[in-house]
Amino acid sequence: MRRDARAAFDAAVAAAQPQRLVPSLVRLSGEDVLIDGEPLPRTARRRVVMAIGKAAPGLAAAWLEATPGWTDELFVLAPHDVPVPIEVEEASTVLRGAHPYPDSDGEASTHTLLSIAHSLGVDDMLVVLLSGGGSALLAAPRDGLTLGDIRTATKLLLTAGASISEVNTVRRQLLAAAGGGLGRSASPARVRTLIVSDVLGDTLTDIASGPTVVSPTTAADALEVLDRFALRNAVPNAVVALLNAGGGNPPDDGVWAAACTTRVIANNRTAVEAAALELRSRAYQVEVAADPLTGEASDRGREIAAAARTMESITPTAVVMGGETTVTVRASGSGGRNQELALAAAIGIEDAARIVVLAAGTDGIDGRSNNAGAVVDTTTGSRFRKLGLDPEAFLTTNDSGTALDAVGDAIRTGPTGTNVCDLTLVLTAPKHR
């Protein structure tokens, strides 16, 4: 069952790889690039492509392969630890930044992209290949703010357990490229954005904080988020001053936005469906959860364990859930939301009948750790105790990664080259087996 769960996770990650996604939608026909059969507008001058996010290197490689000779200028902005294929390095300007907390490299990289976008004219075309992680990578602050202000505000929100929507409601006001900043800079050029979505529900303004779409929220909304988590007095004074003055997003006349179109080419459902298909091929009766898995990770883990203990079937059964939980950080341990969920579930299923729970991030990175997540079973708890470890204590200190590493249940993949949120699997076997 552990092998089956891991195979399903691997299938989910493979389904969201750019090398599989782009060729199915993009091709070159003569001088035209067709996206799902629809041609991009022909341009008389520059054809610029910007790949941004954790999947940027793979998206760039797949784009080059699908559209040979079409691209005039290619820019790739990816996290420091994500490798770039040699063919992409040779054909592009590779830019770097940090995730989840922005750094000076990301700030400089963003200024480069904004400058290129600003240089485009009415006869130019900008294609943006966007994926998760873009908000942290597009780190340049609005006028009046510093990188330190952005880092502090981001860290406070994440450690308080804010959702990605809440975090990005604030970041869209603080980041120069967010909330349509990149698209606005590119005007009057035409902009086409293809997205590998790491946001549940595919809310375009939350994916990389919406660099090519109009922000639907305001500075007042950002202040409301800060107040919700009692952070107005904790964030830097410059952040509050900017928001009190109306925020960083200028009024939009709609002209630049009319030249921008956006399409999601993969999302969390892509991964969920691939995992379900793999498990069905292994003779499991599969249920796909209708609603995304959200909320406090340890609470969800306990709830999943309790539900799994009541599952009964005459055949092997699997429940497949996609989503993205949060963690209220209370200590400085190693781990992330998926490992915290898995550890809580392991405590709940100890000594039960045959149950396996896998929780992992499709990007291969879970919080403050080198792990993607974990796969636990009904023996995980006893293995902790044989080592003299108290799993509840590790939950309390947000140190799930250390605990799961100790018993060999952590999943380590390294960066996967994609990012479509998280996957949680619950596998059970008939009790008589």
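The values are calculated or read from the model by the stated rules, or taken from the named source; none is laboratory data. What you are looking at is a predicted structure, and each value in this text was computed from that prediction instead of being measured. With ideal geometry, Cβ positions are generated from the backbone for all residues, glycine too; neighbour counts draw on all protein chains shown. To get the accessible areas, we keep the full protein, side chains included, count just its heavy atoms, and leave off ligands, DNA and RNA. Shrake-Rupley method; radii C 1.70, N 1.55, O 1.52, S 1.80 Å.
Checking the condition open to solvent by 10 Å² or more (accessible area, probe 1.4 Å) and either closer than 22 Å to Ala12 by Cα or not in a helix (DSSP H, G or I) (or both), which residue from Ser298, Ser332 passes?
Sole residue among the options that is open to solvent by 10 Å² or more (accessible area, probe 1.4 Å) and either closer than 22 Å to Ala12 by Cα or not in a helix (DSSP H, G or I) (or both): Ser332.
Sort through Arg269, Arg172 and tell me the only one that's crowded, with 20+ Cβ neighbours inside 10 Å, assigned to a helix (DSSP H, G or I) and among the basic types (Lys, Arg).
Step by step, each of Arg269, Arg172 is checked, and only Arg172 is crowded, with 20+ Cβ neighbours inside 10 Å, assigned to a helix (DSSP H, G or I) and among the basic types (Lys, Arg).
Pick from Ser135, Ser163, Ser215: which is of a type in the set (Gly, Ala, Ser) and in contact with a Gly (Cβ under 8 Å, 6 or more places away or on another chain)?
On inspection, the qualifying residue turns out to be Ser215.
Considering only region 85-92, I want to know if a residue exists there that is open to solvent by less than 70 Å² (accessible area, probe 1.4 Å), in contact (Cβ under 8 Å) with a residue 60 or more places away in the chain, under 19 Å from Thr193 (Cβ atoms) and outside any strand (DSSP E or B).
Taking every residue of region 85-92 in turn, none turns out to be open to solvent by less than 70 Å² (accessible area, probe 1.4 Å), in contact (Cβ under 8 Å) with a residue 60 or more places away in the chain, under 19 Å from Thr193 (Cβ atoms) and outside any strand (DSSP E or B).
I'm trying to understand the selection: among the residues of region 224-242, which are part of a helix (DSSP H, G or I), open to solvent by less than 70 Å² (accessible area, probe 1.4 Å) and farther than 30 Å from Ala186 by Cβ?
Correct list: Leu226, Val240.
Take the residues in region 43-58 that are under 26 Å from Glu87 (Cβ atoms) and out of contact with any helix residue (DSSP H, G or I) (no Cβ under 7 Å at 6 or more places or on another chain), then tell me which one is least open to solvent (accessible area, probe 1.4 Å).
So, considering only residues that are under 26 Å from Glu87 (Cβ atoms) and out of contact with any helix residue (DSSP H, G or I) (no Cβ under 7 Å at 6 or more places or on another chain), the one least open to solvent (accessible area, probe 1.4 Å) is Ala56.
Within region 145-156, restricting attention to residues that are modelled with pLDDT of 95 or more and open to solvent by less than 10 Å² (accessible area, probe 1.4 Å), which residue is nearest to Leu231 (Cα to Cα)?
Ala153
Of everything in region 7-44, what is touching a strand residue (DSSP E or B) at 6+ places or on another chain (Cβ under 7 Å), modelled with pLDDT of 95 or more and in a loop (DSSP other than H, G, I, E, B)? Give them in sequence order.
Ala16
Pick out the one residue from Ser135, Ser104 that is open to solvent by 20 Å² or more (accessible area, probe 1.4 Å) and of a type in the set (S, T, N, Q).
Result: Ser104 is the single residue among Ser135, Ser104 that is open to solvent by 20 Å² or more (accessible area, probe 1.4 Å) and of a type in the set (S, T, N, Q).
Looking at region 301-325 only, could you name the residues that are in contact with a strand residue (DSSP E or B) (Cβ under 8 Å, 6 or more places away or on another chain), open to solvent by 30 Å² or more (accessible area, probe 1.4 Å) and within 23 Å of Asn398 (Cα to Cα)?
If the condition is that a residue be in contact with a strand residue (DSSP E or B) (Cβ under 8 Å, 6 or more places away or on another chain), open to solvent by 30 Å² or more (accessible area, probe 1.4 Å) and within 23 Å of Asn398 (Cα to Cα), then Glu324 is the only one that fits.
Scan region 251-270 and tell me whether some residue there is more than 30 Å from Leu129 (Cα to Cα) and either modelled with pLDDT of 95 or more or under 22 Å from the mean Cα position of the chain (by Cα) (or both).
No; the residues of region 251-270 include none that is more than 30 Å from Leu129 (Cα to Cα) and either modelled with pLDDT of 95 or more or under 22 Å from the mean Cα position of the chain (by Cα) (or both).
Inspect all residues belonging to region 341-361 and state whether any of them is more than 20 Å from Pro391 (Cα to Cα) and open to solvent by less than 20 Å² (accessible area, probe 1.4 Å).
Within region 341-361 (the criterion being more than 20 Å from Pro391 (Cα to Cα) and open to solvent by less than 20 Å² (accessible area, probe 1.4 Å)), the answer is yes, since at least one residue qualifies.
Step by step: first the residues of region 9-42, then only those that are in contact with a Gly (Cβ under 7 Å, 6 or more places away or on another chain) and crowded, with 18+ Cβ neighbours inside 10 Å, then the one that is farthest from Asp124 (Cα to Cα). Which residue is that?
Gln17
Check Asp405 against each of (1) modelled with pLDDT of 95 or more; (2) out of contact with any strand residue (DSSP E or B) (no Cβ under 8 Å at 6 or more places or on another chain); (3) open to solvent by less than 20 Å² (accessible area, probe 1.4 Å); (4) not aliphatic (A, V, I, L, M) and name the one condition it does not meet.
(3)
Could you give me the residue pairs with C-beta distances under 6 Å whose first residue belongs to region 296-308 and is over 15 Å from Val356 (Cα atoms), whose second residue is open to solvent by 20 Å² or more (accessible area, probe 1.4 Å) and modelled with pLDDT under 95 wherever it lies, and which are 6+ apart or on separate chains?
Partner pairs satisfying both residue conditions: Ala297/Val327.
Where the second residue is part of a loop (DSSP other than H, G, I, E, B) and of a type in the set (A, V, I, L, M) and the first is open to solvent by 30 Å² or more (accessible area, probe 1.4 Å) and lies in region 196-223, which pairs have Cβ atoms under 8 Å and are six or more apart or on separate chains?
Between residues of region 196-223 that are open to solvent by 30 Å² or more (accessible area, probe 1.4 Å) and residues that are part of a loop (DSSP other than H, G, I, E, B) and of a type in the set (A, V, I, L, M), the close pairs are Leu204/Val213.
Give me the pairs, please: first residue somewhere in region 135-159 and in contact (Cβ under 8 Å) with a residue 60 or more places away in the chain, second residue anywhere and buried (at least 21 other Cβ atoms within 10 Å of the Cβ) and among the hydroxyl-bearing types (Ser, Thr, Tyr), beta-carbon distance under 6 Å, and either six or more positions apart or on two chains.
Sorted first by the residue in region 135-159, then by its partner, the pairs are Ser135/Ser209; Leu138/Thr110.
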